[in-house]
Amino acid sequence: MATTATIDTTKSRWGGGVAPMNASYGKLMMWFFLLSDAFSFSALLITYGLIRYSHPAYEGTVSEFTFSTEYWPIPEMVFEAVPFLHGVHAPLIFVGIMTFILILSSVTMVLAVEAGHRMDRQGVIKWMLWTIIGGLTFLACQAWEWSHFIHGTAEGTVNAMGETIFGANLTENQYGPPLFASLFFFITGFHGFHVFSGVVINFIIFFNAVVGTYEKRGHYEMVEKTGLYWHFVDLVWVFVFTLFYLI
Amino acid sequence: MSQEETNNVQVIPEDKEKTKKIWKVAAILAIVTIIEFIFAFTLPRGIILVSIFLGLTVVKAFYIVAEFMHLKHEQKALIWSIMIPTVLILWLVVALMVEGTAIFNIRY
């Protein structure tokens, strides 16, 4: 009797035969991919911080703020336009709406994952569809914001050489130093591309749920994995929102 | 979506407690964002406001990672495998803040 091998489940977690982290290979790799993606995004965002704080800040009051290429702009004066309300000063309203859209699509994603745990195909289909709609709406908002940022305001800004600049591109910028626009395009563009690929992946998962692939497989783990990616995109936006629009 | 396909799959009924918790986390995220909004227009701009914003951002990040991504309820080994490497990000923040100040001092 003494030689009978018994498996002590508390000690043999790393001894083989079980998934030691209680997560499948695919899920673990998604986590580590997201960790590496977090490094990419933090490198970009910290670079934004570095470049911003190596430029002079605007010293005066918010109400007297004017655009100049000499100092870093106050975000609420740059991002103050809302579609269909031309000429109305609505600081940060539009980006606030975008933030809520992304948070809500994250919520519908969790609900899709939760429905997947219950093998509820109709639930997964419904909530995945809402998530895709949320993602597409966010992308459309961002397209509008980029377009407004590129075209600029009607007055423009006079730069150091006495020329009037309208809007922003990679070489000149009416809102502040040229680097401000470059970083805006690079970081929100990189994030927007993540949202775009997230929508594409979500659509593939939605399609597979509709045709019953996961029901045949017996589990909805793929919904969970894309869910992780989608929440990560939301997580990055939380940081972009703070660094670009609030500070 | 024919009848035969769905008949053999047991759909577990929805646990209201679980969905209630999801919406609760969503409400927390929304409220923190609204607080950030109010602060952006009422408090004077400066180092204190920046610190408040970063603190609130970390609060939101915690709820997204812990609850939405479910990391809080995973195995300890998985939690630490993800959390420990992020220390390198904190190091980068500190390193480039020092660097940024040095660049500013040289240029202006």
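The values are calculated or read from the model by the stated rules, or taken from the named source; none is laboratory data. Here the structure is a predicted model, which means the values were calculated and not measured. Glycine gets a Cβ as well: all are built from the backbone with ideal geometry, and neighbour counts include every protein chain shown. Ligands, DNA and RNA are excluded from the accessible area calculation, which covers all protein heavy atoms including side chains. Shrake-Rupley method; radii C 1.70, N 1.55, O 1.52, S 1.80 Å.
Below are the figures for this structure:
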{"read-out": "Filtered residue count, the range A:209-223, keeping only those that are open to solvent by less than 40 Å² (accessible area, probe 1.4 Å) and assigned to a helix (DSSP H, G or I)", "value": "4"}
{"read-out": "Residue match in the range A:167-179 (condition: in contact (Cβ under 8 Å) with a residue 24 or more places away in the chain, open to solvent by 10 Å² or more (accessible area, probe 1.4 Å) and either in a helix (DSSP H, G or I) or within 25 Å of residue A:99 (Cβ to Cβ) (or both))", "value": "yes"}
{"read-out": "Residues that are out of contact with any Asp or Glu (no Cβ under 9 Å at 6 or more places or on another chain) and of a type outside the set (Asp, Glu), drawn from the range A:230-242", "value": "A:230, A:231, A:233, A:235, A:237, A:238, A:239, A:240"}
{"read-out": "Residue in the range A:61-71 that is small (Gly, Ala, Ser), open to solvent by 50 Å² or more (accessible area, probe 1.4 Å), free of Cβ contacts under 8 Å to residues at least 60 places away in the same chain and not in a loop (DSSP other than H, G, I, E, B) present", "value": "yes"}
{"read-out": "Flag for residue A:84 being open to solvent by 80 Å² or more (accessible area, probe 1.4 Å) and either away from chain B (no Cβ under 12 Å) or touching a Phe, Trp or Tyr at 6+ places or on another chain (Cβ under 6 Å) (or both)", "value": "yes"}
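Residue by residue, here is whether (1) open to solvent by less than 30 Å² (accessible area, probe 1.4 Å); (2) assigned to a helix (DSSP H, G or I); (3) more than 8 Å from chain B (Cβ to nearest Cβ) holds:
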site	(1), (2), (3)
A:88	no, no, yes
A:95	yes, yes, yes
A:101	no, yes, yes
A:112	yes, yes, yes
A:131	yes, yes, yes
